[in-house]
1. Can you give me the number of residues within region 195-209 that are over 13 Å from Pro368 (Cα atoms) and touching a Pro at 6+ places or on another chain (Cβ under 8 Å)?
2. Would it be correct to say that Gln198 is buried (at least 19 other Cβ atoms within 10 Å of the Cβ) and either part of a helix (DSSP H, G or I) or at pLDDT below 95 (or both)?
3. Out of the residues in region 36-48 meeting the condition of being at pLDDT 70 or above and among the polar types (S, T, N, Q), tell me which one is nearest to the chain's Cα centre (by Cα).
4. Quick check: is even one residue across region 114-137 in a helix (DSSP H, G or I) and modelled with pLDDT of 90 or more?
5. So Leu256 fits all but one of (1) open to solvent by less than 20 Å² (accessible area, probe 1.4 Å); (2) assigned to a loop (DSSP other than H, G, I, E, B); (3) not polar (S, T, N, Q); what number is the exception?
6. Restricting to region 324-357, name every residue that is open to solvent by 10 Å² or more (accessible area, probe 1.4 Å), of a type in the set (Ser, Thr, Tyr) and at pLDDT 75 or above.
Amino acid sequence: MINNTDLRRRHLSLFSDEEILLNLEIVGKFSFGQSNPTYLIRIRSSSSIIEKIDGDDVKEFNAVLRKKPTSIAHPSAHALHREFQVLTALQKHNEHQNNNQQKQKQVPVPYPYAYCYDTTVLGSEFYIMEFVKGRIFTDSSMPGMTKNDRKLAFEDVMSVMANLHNVDIEDVGLNTFGKGGKYVQRQLNRLMSISRKQSELYNTPAPEIENLANQLLQYVGDCPNRISLLHGDFKIDNLVFHPTEPKVIAVLDWELSTVGDSLCDLANLSIMYLMSRSKKAAISGVKGLNLRLLGVPTRKELLNMYCSHRVNSNSKTLITFDEIQKWSGFYLSFVAFKNAVIVQGVAQRAKIGVASSARADEVAKALPIICRMTQSILDTEVKPILIRTNSNNNNNNNNNVTSRL
């Protein structure tokens, strides 16, 4: 019996490099992954020999080609090789878990076939990975699923996220993949710098963003800083679900992956609770929907699911539900702030006519909404909880001083 890993390896081994390039047909371009053009390709063998693996005819097969844009503004942008590196590392992790009879701890990702650094081939670097056939939802309520399947699907989503954050970074060779400690603080400083440069470049001050940043700075030094492998953009539309089962079969789009604070991934997914269903947006949220009727977990239930899976899959994980819940508002406001800085750039480019008008103007209108949303989270979920906690800690310290006196 051939396992899936052997099957994937042998798929590509039946084709020479020359055959791949000469007999490669672009079937279509995916709408996701716009920063790095992504294509569905079909690779045919010119050989008359047809080999069957597990009953599959492999004279031709589909794969995904992901390449850098031919024009890049900054050398560090579009770090495609990092995507391939993390996919390769997770494949190693999955094989190890499979050998140890612990498939439940795997992180499902497309199999990375090959990377090409030679820019003369297609005009820029590219890599080829497995095409995973399944369902991708741009609506976080997962239309078409039954209530029970949605419950199971979200359980599996949280299990996959917990597995990702429990990957042994050193074991898979990713210990130098990111700077790790003080991740949120470094990101916040970087985002503030980007926002200020955007304001200077387009001569459009953004005092509301500066105000939000200053508020976040009050708490960032005390955040839990739970360091792990981080996806960086973990959300429903970056997951491939099984064609018929409520199960995640692949996590896509690892462009922003690094070693950082795992609670940022949890907050990124939780943004769906702040977004309404919309036909215009790239992804729809679940705000205003009857979650109980749909079988979609509440935000608190989602946090609880994550905590349960994280602890159950790794007894060494030093994380508690109380800690996750206490800081969930901070991380959510941080992710919302990050989105505000991104939209600020689009809004400012639209204002001077640099960005494509229709879509950019629509995105630009979201900036004041995102800023108000971020401020609301800070006012209702961050300040009341974290200020009260700090106050209690100060009182305890004062009591300790008094008792010692």
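1. Of the residues in region 195-209, 1 are over 13 Å from Pro368 (Cα atoms) and touching a Pro at 6+ places or on another chain (Cβ under 8 Å).
2. yes
3. Filtering first and then ranking leaves Asn36.
4. Scanning region 114-137, I find no residue that is in a helix (DSSP H, G or I) and modelled with pLDDT of 90 or more, so the answer is no.
5. (1)
6. Correct list: Ser328 only.
One line per residue, one yes/no per condition, for (1) among the hydrophobic types (A, V, I, L, M, F, W, C); (2) modelled with pLDDT of 85 or more; (3) assigned to a loop (DSSP other than H, G, I, E, B); (4) surrounded by 16 or more Cβ atoms within 10 Å (Cβ to Cβ):
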residue: His81; (1), (2), (3), (4): no, yes, no, no
residue: Val86; (1), (2), (3), (4): yes, yes, no, yes
residue: Gln97; (1), (2), (3), (4): no, yes, no, yes
residue: Val109; (1), (2), (3), (4): yes, yes, yes, yes
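Residues are listed down the side, and each one gets a yes or a no for (1) hydroxyl-bearing (Ser, Thr, Tyr); (2) open to solvent by less than 40 Å² (accessible area, probe 1.4 Å); (3) at pLDDT 95 or above; (4) more than 24 Å from Thr258 (Cα to Cα):
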residue	(1), (2), (3), (4)
Ser141	yes, yes, yes, yes
Met145	no, yes, yes, yes
Ala153	no, yes, yes, yes
Asp156	no, yes, yes, no
Asn166	no, yes, no, no
Asp171	no, no, no, no
Gly180	no, yes, no, no
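The values are calculated or read from the model by the stated rules, or taken from the named source; none is laboratory data. This structure is a prediction, so every number in the text was calculated from the model and none was measured. All Cβ positions, even for glycine, are placed from backbone atoms using ideal geometry, and neighbour counts span all protein chains on display. Heads up: the accessible areas ignore ligands, DNA and RNA and are worked out on the full protein's heavy atoms, side chains in. Shrake-Rupley method; radii C 1.70, N 1.55, O 1.52, S 1.80 Å.
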